Structure formats: C-alpha cells, structure tokens
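Participant: Quick one: this structure, given as structure tokens, is what I'll be asking you about.
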Amino acid sequence: MILQSLCQYYDRLEQNVDVDIPEIGFSQEKISFVIVIDKNGLMVGGKPQDIRETNEKGKPFPRALFVPKIKGRTSAPAAFFLWDNAKYVLGACVKAKEEMANEDDKFKITPNRFLLFKAEIRKYLDNVQDIGATAILKFLDNWAPEKSLTLENWGEICKANFVFKLDTDFCFLHEREAIKQLWVKYAKRKLSEGGIGYCLISGEKDSIAPTHPQIKGIQGGKSTGGAIISFNKPSFLSYNKEQNLNSPVSKINAFKYTTALSHLCGFGSRQKIQIGDATTIFWAEKENQMESIFGKILSQNNDGFDKDVKLFLESLQDGKKSVYINEKTQFFILGLSPNAARISIRFWHVSNVEDISQKLMLHFSDLRIEKRENDPEYPSIWHLLIELVPSRKGEKRKTDAIPPNLAGQMIRAILNGSKYPESFYTTLLSRIKTDHQINYMRAAIIKAVLTRKYRFKNIKKEVSVALDKENTNVSYLLGRLFSVLEKAQQDAIPGANTTIRDRYYGSASSTPKVVFPQLMKLANHHISKAKYGYVSDKWIEEIVQDIDVFPAHLNLEEQGEFALGYYHQRNELFKKKEKKGEK
C-alpha cells in the first residue's frame, strides 16, 4: 500500500507542469560547480564556476539539479555520466589525514578514477554528432589530473559535485536535446533488462530490480541515501533468491517510489516535518490544499501562523464549514527514521481530508486552556514535545533531545483521536517536579492528556479551561491552595530568591500530607507580614473548607489535576493583580 501510493504520487507529479521531478533515468543531486567549456574543449576562465546558492546567513549550499543516473555507487569505483565529484571529473582529491606527510601535503591525484569517468563518457558519446559531445570529449583528452592542483579554492572544489556546460548554451551539457534523448533511450533499455517476475506493486510481469535507488533527505541518515527494501545478508534470503528479488518490484516502479520519497524528503519540501528523529512526510491522492497546511499546523515552531492556516484552524474551532472538511480525498502520512543500514518505517496512516480535519479539531479542543496574550493559540507538536527537554540557563532547548519514538507516537495519537502516549505524560510530570515550572504549554498538555483519559474510561468528568470554583476534587483544590500559599509568601517577601514552589512543589504534588501542615504554618506568618495578607487569607479559607484531610499520596492522574489547579489559580491571581494595577 505504501509503495503503490508513492508510485501513484509520482505519476501525479509527472503530469504537473509546475512541479520539477526527475524523469526516468535521472536523479536529483547536489551540485556546487559547473565546468564551462568552449567548442575546443578548453575550460573557460581557467577554473570551475561556483553555482552554489546562499542561505540567510550568507553560507553557500549546493544546488539541487537533475542529472543522469540509473544506479548508485557501491564500494567499487564507478563513474557517473556527465557529472560526478572531483576524484572522477578532475582526477584529484584531498588526502585523508593519515596520508598527509605534513600540512602542505594535502592533495593527491586520482588518475584511475579520471580514466573511469573518461571511459564512461566515451561509451555513450564517441559516435554522437553533437557540438556539446565533441567539446566534452576534447576536454577529457586535453585534461591532465595534475592540473587540478593548480586551481584556486581547491579545498572546497575537491569536496563538490560538478556538471558541464558549453559556453554558448543556457542549459547544462546533459540537458542538450541530442544527449538527453540518447541517455533516456539507454536508461529505458536498461530498465527493461534483467530477470522477469511479478511486480508486487503493479501485479504485472516486468523486469525486477535487484537493488533499488537510494532515498535521500532523511535527517540523520547517510548522505548517500538509504533503503526501505534491502536484503544484504544471506540470512535474509529465501528460495535461492538474491538481493531484492525476495521482494520483487519492477525497475520502473522502484524508480518511481524512491524518486517520490526523495522528492517529499528533499531540501525545502513543504510536505515534510522533522520532529525529534522522525521525518514525517504526507501527500494526497490528488491535489489538495491540506498538503500545504498539514505540515505547518504540526511543525510550527514559532507563534505565528500564515493567514490560510489560521483561517483553517479558526474554522475548526468555531465549528464552521471549512473548504477542507467535506473532502473525501485520501490522505497519506508516513513516518521514517534512519538506522545503521536502512530507513525504518515508524508509522503509516491512511485517512481522508475530512477525517484528518476532525481529528485536528479534537486535538486542539483537548489542548484548549486559559492563556496569556503571548501564548500560541494552536500549539504545534514541536511546542508540546520541547517541554520534555531540560532547560539550561542561557541555552535554547534542542529538538534532537526530544525522547526518540515520541514524535511518531504523538502524531499517531492525534490522527487516530486516541490517548496520548503514557510516557509523554509521566515524563512531563517528572520534568515539572525537576524545574518547578508550570507554564501554559505544560498545563495544556496535562489538560489534553486527562481529557482523553477520562473520555476513554467513559468517566463523565470535564477538565475545565479556566479556574473552576465548583470543582471539589481534593487534588485540584490542593493545587489551588499551593498557588495561594506561594502568593502569600511573595506578598510578604517580595523578590525572594527561592519560593515554596522551588522547595516543595515535588513533595506537595505527590505526598501532600507530609508538606501541607508545614506550609499552612508558614502561611500564617506570611499573611501577618503582608500588607494585603487578608486577601490570601480569604482565598485559603474558601479553598480549605472543601478539604477534609490532606491525602498521604496522589497518583499520576491526581498529580496532573494538582498541576491544573495550581495553574488555574495562579492565572486568576495574576488577573486580579492586573486589574489592581489598572486602578
């Protein structure tokens, strides 16, 4: 189902004139330099031309170009057609550290690799009547690998990939019509050669691919790419079938599904989100606006959404009919992550646009809680998961520190409308006890987790958005009480370096019987010292009248209710303070 959907997606993209995707026989590769030659095969300007682009910080990065390629390179040397790295194109490279005799002894020539490249070009272009073909053959005949060492900026050049261009052309050499037609004809012939079998994707007899093209763009994977289907050890084989003949896919369909995957995972793809170690890609069976909005909703790591996304989310929240909701178009979501040898599938979800919209609406509804002005109204998965990462003073919390597997589990919970991962909740409670912080994001997470727990247990219990004075649950009341006791201390000792939250939150939320009697005694002292101590005293009296006894222990659900009681009460006290300041 996964590979079939990807092949269909490739066919859809190929018919779209606004989308650049490699055709059969080509691959998207990172190219940094172009060697411009004249009709006599001489390098124009005496050096390769830099065609890299620059990012916002001015740092150069390679361009993604479609170049001729029908197979990858294994450990054995092999040259590509009309493009490659400096070892092959120019016949030189940087030495490995162990090869260097001194700091000046950095470069070496690789004539054997250059000869392989030269032979590869000659194999196709020797008898081609084309000015570009003639020029590249002259260049290869005239070039000597020793010349590479005299080029400027060799340190960067030797790490890059190259293409060629005729000085009178606007296109690259491999894009010249005569050369391109010759290559496409050869590629199609190669794809039809080999053993015949039934393709698992099409169900038809075709030439089966012994190996599949590498998939690039998976964060954390090898730069050369990885494979979803790979049989590289005898223990993986059966019925004397070698390599990928154990999972037969035609060469054309292998090209299609790997090309579609690389396109979705590519640099700048709007249909890819990265959360933790999981690369999540998504697409629809036909063009749909959800493709451009889904990733923004889940991965936004700042407070601003673009206009279309905000309009969509507001329509879900208000229950209005959205242009997306009635869509029955199938929608596919695939989670991938790399391991030592392959790309593993973390999750696979098939639904339709209407169902996805409803599940997103439910997710944000469960998260909804009272917030302050600068808090994001629609927190993304990144917003939620980053709360599990320890924060160090003066340092930003890093996405790669998010616990592995959790991003995929969270996405599954959202898309299925199921309970959030238990580890997500327990890790958050532990983090709160460690750093004593209950902010908007953490309170929203706790509310959402408890809401879904009660829903799946068929417990008719509503978790309120704001302060609920009618809630007589002891754990919720204890959280409210703890917040008021902290406020009494702050009123009595303004600017105190350490508050009761810093010292007692962990024990107060798990073993209240041990801590609260002591805190109540402290509160009497604080109230007597504070100018407006009577306000805190009134709050305490109102809360305590519904608490018969301080429990010895609070379980995990009750600890979450404690945190919500604390958050709601603190927000209420903050609002009172704001109103007082306005007067």
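The values are calculated or read from the model by the stated rules, or taken from the named source; none is laboratory data. What you see is a predicted model; the values in this text were computed from it and never measured. Please note: Cβ atoms are built from the backbone with ideal geometry, for glycine as well, and neighbour counts cover all protein chains shown.
Participant: Take the conditions within 20 Å of Glu314 (Cα to Cα), over 20 Å from the mean Cα position of the chain (by Cα) and assigned to a loop (DSSP other than H, G, I, E, B) and apply them to Glu377. Does it pass? Even if it seems obvious, please write down each step before you answer.
Facilitator: On the way: within 20 Å of Glu314 (Cα to Cα): yes; over 20 Å from the mean Cα position of the chain (by Cα): yes; assigned to a loop (DSSP other than H, G, I, E, B): yes.
The answer is yes for Glu377.
Participant: Is it the case that some residue within region 237-259 is outside the structural domain of Asp11 (by TED's automatic domain parsing), among the β-branched types (Val, Ile, Thr) and crowded, with 18+ Cβ neighbours inside 10 Å?
Facilitator: no
Participant: Tally the residues that are hydroxyl-bearing (Ser, Thr, Tyr) and exposed (fewer than 15 other Cβ atoms within 10 Å of the Cβ), restricting the search to region 455-498. Can you show your working first?
Facilitator: Just the residues of region 455-498 that are hydroxyl-bearing (Ser, Thr, Tyr), to begin with: 464, 472, 475-476, 483, 498.
Of the ones still in play, those that are also exposed (fewer than 15 other Cβ atoms within 10 Å of the Cβ) are 472, 498.
Looking only at that region, the number is 2.
Participant: Only one residue in Ser418, Ser423, Ser391 is exposed (fewer than 15 other Cβ atoms within 10 Å of the Cβ), touching a helix residue (DSSP H, G or I) at 6+ places or on another chain (Cβ under 8 Å) and outside any loop (DSSP other than H, G, I, E, B). Which one? Lay out the reasoning, then the answer.
Facilitator: Details: Ser418 fails: outside any loop (DSSP other than H, G, I, E, B); Ser391 fails: outside any loop (DSSP other than H, G, I, E, B).
Answer to the check: Ser423.
Participant: Can you work out which of the residues in region 1-37 that are of a type in the set (S, T, N, Q) and in a strand (DSSP E or B) is surrounded by the fewest Cβ atoms within 10 Å (Cβ to Cβ)?
Facilitator: Within region 1-37, the first condition is being of a type in the set (S, T, N, Q), and the residues that meet it are 4-5, 8, 15-16, 27-28, 32.
From what's left, in a strand (DSSP E or B): 27-28.
Numbers: Ser27: 23, Gln28: 20.
In this case the residue turns out to be Gln28.
Participant: Just give me the residues in region 168-212 being touching a Pro at 6+ places or on another chain (Cβ under 7 Å) and of a type in the set (A, V, I, L, M), in sequence order.
Facilitator: Leu200, Ile208, listed by residue number.
Participant: Now for a separate question. I'd like to verify a number: residues in region 245-284 that are among the charged types (D, E, K, R) and at pLDDT below 90, how many? Talk me through it step by step, then tell me what you get.
Facilitator: To start, the set of residues in region 245-284 that are among the charged types (D, E, K, R) comprises 251, 256, 270, 272, 277.
Now narrow it down to the ones that are at pLDDT below 90: 270, 277.
Count: 2.
Participant: Next question. Condition (residue is at pLDDT 90 or above and touching a Phe, Trp or Tyr at 6+ places or on another chain (Cβ under 6 Å)) applied to region 396-411: is it met by at least one residue?
Facilitator: The answer is no, given that none of the residues of region 396-411 is at pLDDT 90 or above and touching a Phe, Trp or Tyr at 6+ places or on another chain (Cβ under 6 Å).
Participant: Would you check if Lys147 is over 25 Å from Ala76 (Cα atoms), touching a residue at least 60 places away in the same chain (Cβ under 8 Å) and not in a loop (DSSP other than H, G, I, E, B)? Walk me through how you get there before you give the answer.
Facilitator: Details: over 25 Å from Ala76 (Cα atoms): yes; touching a residue at least 60 places away in the same chain (Cβ under 8 Å): no; not in a loop (DSSP other than H, G, I, E, B): yes.
No: the conditions fail for Lys147.
Participant: Sticking with this one: Hey, Asn301 hits all of (1) under 27 Å from Gly217 (Cβ atoms); (2) modelled with pLDDT of 75 or more; (3) not aromatic (Phe, Trp, Tyr) but one; which does it fall short on?
Facilitator: Condition (2) is where Asn301 drops out.
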